[in-house]
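> I have a structure here, written as structure tokens, and I will follow up with some questions on it.
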Amino acid sequence: MKQLTLLLLALCWWAGSLPAAAQQKPAAKRKTTTSPAVPGAVLARGKVVYTQNCLTCHMADGYGVDGMNPPLIKTSYVLGDKTRLTKVVLHGMQGLDVDGEPYNNVMPAHAFLTDQQIADVLTYVRNSFGNKASAVQTTEVKAIRAANKK
Amino acid sequence: MAVLGSGTALVALRPAPARSLVVADANNADLKLPTGFGALVVAETGGKARHLAITPSGTIYVKLNRPDKAGQGILALQPATNGKATVAGGFGSYGGTGIATKNGYLYASSDENVYRYKLNDKGEVVNKQQPETIIKGLINRKQHESKSVALDNAGNIYVNVGAYSNSCQVQDRQKGSMGIPNCPVLDSAGGIWQFRADKLNQTYTDGVRYATGLRNVVGLDWNNQSNQLFVMQHGRDQLNSIFPDLYTTEESAQNPAECLYALQKGDNAGWPYMYYNLQKKTQMLAPEYGGDGKKTVNGKYLEPAAAYPAHMAPNALLFYTGTMFPARYRNGAFIAFHGSWNRAPEPQKGFKVVFQPFKDGKPSGDWEVFADNFAGSPEKEAAGRADHKPCGLAQGPDGSLYVSDDKKGTIYRIVYNAK
């Protein structure tokens, strides 16, 4: 037991030290790398896509609708893995719990949106309604779409 | 003559009715009501209180959308002398919406099955753990899943099976996707099914598709004057977001109407092929089936008995038969509007109980707001972020009107105090 704890501690120290060692950069610069500012133009474009395609269900404030349409506020989908998030928009979603809550409605597929529209709207969602997360790039959407072609 | 005389004297000696003990909360439970009415919070259940039913002895049964922490999907509330009630236990390990009492039984539904429990003469459930399954295997595809129930006076039970689709598109709710010809959803959903109230283990083949073309009905009740089932349909969503070239966001927020239908066996209310335009009072061809916002299909389908503003989500319908309220309310309909979401980006509406006057078993005159401000403020109503959402209605033995809320789980009681 003691050995295991020591091993875990050592692992933590090793894992923790890795990024620190890799990021021997001036403090000022590091700040911009941890929260890269999203250009206002991207957010403005994303908001247009959101208003036309998502607002009807997820609401202007991202709060969603009780028991029907989940919120887009700090959910594990919105803040989490970008591939999973992009696939929700590309393929739609139904019958899955979101952070432990069931929702009785359908999220339709939005594959008709362009790669850039999807990147913009997801970047907008990840940086609105109190969310703060990295941008989704058009190239990422393109790759995810290609890898998941049905 | 002499006998009649003594009978009259006896009636006069009866004590005042027990309802005089019920006192409204000082703030009327934060509700806005017509003059002479008051409201009190009966109990805070903390659960998603969908529909509720009350026995002649005053026990309140509340159906929860999901079982609570103790695994109870039905709560039993015992009345206290001050008009409030306390949660005195529960049972039924399934979530759901429907609940009703009739002829010594309590009926309750999950999203697939309907069960019944024998009540003793005190209105208590005798065998909490072993209900009889009367209907099973109804379709639940995680959309319009509620199986609301109503009973007639001839031993039948009516169950809503909501359509697992918005408008029967090839790709549900997807922009531009057209309707499936001869909509297959209607075979097993999008209508009201009739079953026997006392027969066990019935499935679709034992029941009758009583009425079709009803997208989703959460509120339904039997009208004893016209001896007929009335239902409130939830109208279709997303005219604008599916067909942005045909409908503005305003048109989409204001249509279609939420409709009240008076049903006869075999009726077809037209979903998904049509929707009802509130302003034009006309049956319109659905855009999924060739409509363009102008083409009508008048005369083809059942006409609504009354129509209400769009998307307000009528989740309960109750014909008032009590004597506590003034005479004009008797045999009229109360409708609980759960509140809209599909009016966005326009302001949301609903979150209120309205009254629809009836005469001789038919709607007569305009509906009126009865109990308002479940949302908590006009701003909360407009944003759709209501504090409470009225979902169920029931009439107490003394004629009080009870309302359940599936947002916070508050149970309200509305009484008439004026002389």
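The values are calculated or read from the model by the stated rules, or taken from the named source; none is laboratory data. Fair warning: this is a prediction, and the values are worked out from it, not measured in the lab. Cβ placement follows ideal geometry from the backbone for every residue including glycine, while neighbour counts extend to all protein chains displayed. Areas reflect the complete protein model, heavy atoms only, side chains present, ligands, DNA and RNA absent. Shrake-Rupley method; radii C 1.70, N 1.55, O 1.52, S 1.80 Å.
> For the pairs A:Lys82/B:Lys48; A:Lys74/B:Lys407; B:Lys295/B:Lys380; B:Lys265/B:Lys389, note any where the Cα-Cα span goes beyond 26 Å.
Details: A:Lys82/B:Lys48 33 Å; A:Lys74/B:Lys407 21 Å; B:Lys295/B:Lys380 36 Å; B:Lys265/B:Lys389 32 Å.
Correct reply: A:Lys82/B:Lys48; B:Lys295/B:Lys380; B:Lys265/B:Lys389.
> A further question on this structure: First select every other residue whose beta carbon is under 12 angstrom from the beta carbon of B:Ser109; then total the charges, Lys and Arg +1, Asp and Glu -1.
Neighbourhood net charge equals +2.
> Below 8 Å, C-alpha to C-alpha, sequence gap of six or more: please give me the relative contact order for the range A:52-125 in percent.
Relative CO of the range A:52-125 lands at 24 percent.
> Under a 5 Å amide H to amide H cut-off, with H placed in plane at 1.01 Å, what residues pair with B:Ala310 once short-range neighbours are removed?
HN-HN under 5 Å from B:Ala310: B:Glu258.
> Next question, about the same structure. Roughly how many percent of the accessible protein surface of the range A:56-97 is carbon and sulfur, given a 1.4 Å probe and a whole-percent answer?
Roughly 58 percent, rounded to a whole number.
> So, one more: Can you list the aspartates and glutamates whose alpha carbon is less than 16 Å from that of B:Lys175, not counting same-chain residues fewer than 8 positions off?
B:Asp237, B:Asp245, B:Glu288, B:Asp292
> May I ask you to give the solvent-accessible area per residue for chain B, in square angstrom, as obtained with a 1.4 angstrom probe?
40 Å²
> Now, a different point. Name every cysteine in chain B that ends up alone, with no second cysteine's Cβ under 4.7 Å, or say none.
B:Cys259, B:Cys391
> Might you work out the accessible area of B:Val23 for me, using a 1.4 Å probe with all protein chains in place, and round it to the nearest 10 Å²?
100 Å²
> Show me you know the interface measure: the accessible area buried between B and A, both chains summed, probe 1.4 Å, in Å² to the nearest 100.
2000 Å²
> Counting DSSP beta bridges in the range B:2-416, what percent are antiparallel, to the nearest 5?
About 95 percent, rounded to the nearest 5.
> When the Karplus curve 6.51 cos²θ - 1.76 cosθ + 1.60 is applied with θ = phi - 60°, which whole-Hz ³J(HN,Hα) does each residue of the range B:392-400 get, with x for Gly and Pro?
With coefficients 6.51, -1.76 and 1.60, one gets x, 9, 8, 9, x, x, 8, x, 5 Hz.
> Scan around B:Tyr210 for amide H atoms under 5 Å from its own, H built in the peptide plane at 1.01 Å from N, and keep only partners 5 or more places away or cross-chain.
B:Ile192, B:Trp193, B:Gln194
> If you don't mind, another one. For the range B:111-127, just list the computed ³J(HN,Hα) in residue order, Karplus coefficients 6.51, -1.76 and 1.60, θ = phi - 60°, integers in Hz, with x standing in for Gly and Pro.
Couplings: 7, 10, 10, 10, 10, 9, 10, 6, 9, 7, 6, 8, x, 9, 6, 6, 10 Hz.
> Turning to a different aspect of this structure: With the convex hull built on the Cα atoms of the range B:2-416, state its orientation-averaged projected area in nm².
Projected over every direction and averaged, the Cα hull of the range B:2-416 covers 21.1 nm².
> Here's something else I'd like to know. The range B:334-353: which residues show an accessible-area loss of 20 Å² or more, assembly versus chain alone, 1.4 Å probe?
Correct list: B:Trp341, B:Ala344, B:Pro345.
> Using Cα pairs closer than 8 Å and at least 6 residues apart in sequence, work out the relative contact order for chain B, in percent.
15 percent
> Leaving ligands, DNA and RNA out of it, rank B:Ser241, B:Ser148 by accessible area with a 1.4 Å probe, largest first.
B:Ser241, B:Ser148
> Mind running the shape call on the protein assembly as shown? Use the C-alpha gyration tensor, a ≥ b ≥ c as the square roots of the eigenvalues: rounded below 1.5 for a/c, prolate if a/b tops b/c, oblate otherwise. Before the final figure, lay out each step's value.
On the way: a/c = 2.03, a/b = 1.58, b/c = 1.28.
The shape class here is prolate.
> Say we join alpha carbon atoms closer than 10 Å with springs in a Gaussian network model of chain B; which of B:Ala88, B:Ala49, B:Ala383 then has the biggest fluctuation?
B:Ala88
> Rounding to the nearest 10 and keeping the result within 0 to 90°, find how far the Cα-based axis of helix B:2-13 lies from the longest principal axis of chain B.
Relative to chain B, helix B:2-13 is tipped by roughly 80 degrees.
> Still on this structure, please answer the following. Give the long-range amide H neighbours of B:Ala150: residues separated by 5 or more places, or on another chain, with amide H under 5 Å away, using H modelled in the peptide plane at 1.01 Å from N.
Amide H to amide H, under 5 Å and 5 or more residues apart or across chains, B:Ala150 pairs with B:Tyr158.
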